[in-house]
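**Q** I am attaching a structure below and will ask some questions about it afterwards.
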Amino acid sequence: MLRSVSVKNAIRDAVEIFQFDQWIRFYFAVEKDGQLRIEIPEERMLEIEKSHPVLHRFADLVNDAPLDYKRSQDNVCSFVAARLDGEKYEPTVLPQVFDDAKFKVEMYLFNVWLKMHEPHLDEGYMDFDGWMEMYEGWNSLDEVKEYRTKLMESGADPQIPACGTAQ
């Protein structure tokens with residue numbers, strides 16, 4: 001099997017998994033018996049399976065499970081590693097992703113978007129495609145493009161969750 005060496009594509013794929021995790025936690029985190037859990041209704045799981053079969057595997061992994069920051073980060077990082085590292089991309093690619101400024105800036109901007117749009121997103125359920133469409137619309141604004149360029153040029157290191165990778 002031919003595996004890609006494209007860091008750019010690996011960044012895009014990894015960012016999508018992180019974004020999907022944020023979406024799941026936004027809509028499906030519930031408090032039960034004093035503990036946060038992910039509970040995705042069966043109908044939503046079927047929708048995810050139909051629209052995003054690869055990401056459905058992640059949803060299945062975290063569904064009906066306790067939720068905390070460390071577990072969430074471990075789940076995302078494990079899924080990224082299992083789906084991308086060595087399977088879709090050469091083993092040398094993924095360690096480069098998490099250190100790449102484009103990955104860090106993309107995750108930072110997604111979190112900025114999420115905080116800015118939280119009241120609107122809270123108004124009602126929106127599927128993952130709807131989220132991404134809304135994000136892409138915001139992302140295409142000139143002000144956002146200029147801000148992204150400034151972040152990339154500044155060399156600043158936006159603080160985002162990272163995955164440790166074994167080399």
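The values are calculated or read from the model by the stated rules, or taken from the named source; none is laboratory data. Predicted, not measured: the structure shown is a model, and the values here were computed from it. Quick reminder, even Gly has a Cβ in these numbers, built from the backbone with ideal geometry, and neighbours come from all protein chains shown. For the accessible areas, the whole protein counts, side chains as well, though only heavy atoms, and no ligand, DNA or RNA atoms are used. Shrake-Rupley method; radii C 1.70, N 1.55, O 1.52, S 1.80 Å.
**Q** Translational diffusion coefficient of the chain at 10 °C, 1.306 mPa s, Stokes-Einstein with Kirkwood Rh over Cα pairs, in µm²/s as a whole number.
**A** Using the Kirkwood radius from Cα pairs, D works out to 94 µm²/s.
**Q** If each of ARG148 and VAL112 carries a label point 7 Å out from its Cα toward its Cβ, how far apart are those two points in nm?
**A** Taking the two extended label points, one gets 1.1 nm.
**Q** Heavy-atom accessible area per residue, the chain, 1.4 Å probe: how many Å²?
**A** Per residue, the chain has 58 Å² of solvent-accessible surface.
**Q** Checking the a/c ratio against 1.5 first, then a/b against b/c, what shape does the Cα gyration tensor give for the range 25-77?
**A** Values: a/c = 2.83, a/b = 1.42, b/c = 2.00.
Cα axes put the range 25-77 in the oblate bin.
**Q** Counting alpha carbon pairs within less than 8 Å and at least 6 residues apart, what relative contact order, in whole percent, applies to the range 7-154?
**A** Taking the mean separation of contacting Cα pairs over the length of the range 7-154, I get 27 percent.
**Q** Given the -39500 (n - 2.57) contribution per DSSP H run of 4+ residues, what per-residue ellipticity at 222 nm results for the chain, rounded to the nearest 500 deg cm²/dmol?
**A** Estimated from H runs of four or more residues: -21500 deg cm²/dmol.
**Q** Ignoring any ligand, DNA or RNA, what whole percent of the accessible area of the range 7-154 comes from carbon and sulfur when the probe is 1.4 angstrom?
**A** Using a 1.4 Å probe with all protein chains present, the range 7-154 comes out at 50 percent carbon and sulfur.
**Q** Ok, one more. Looking at the chain, send over the antiparallel percent of its DSSP beta bridges, to the nearest 5. Provide the component values of the computation, followed by the final result.
**A** Details: 6 of 8 bridges.
Expressed as a percentage, antiparallel bridges in the chain total about 75.
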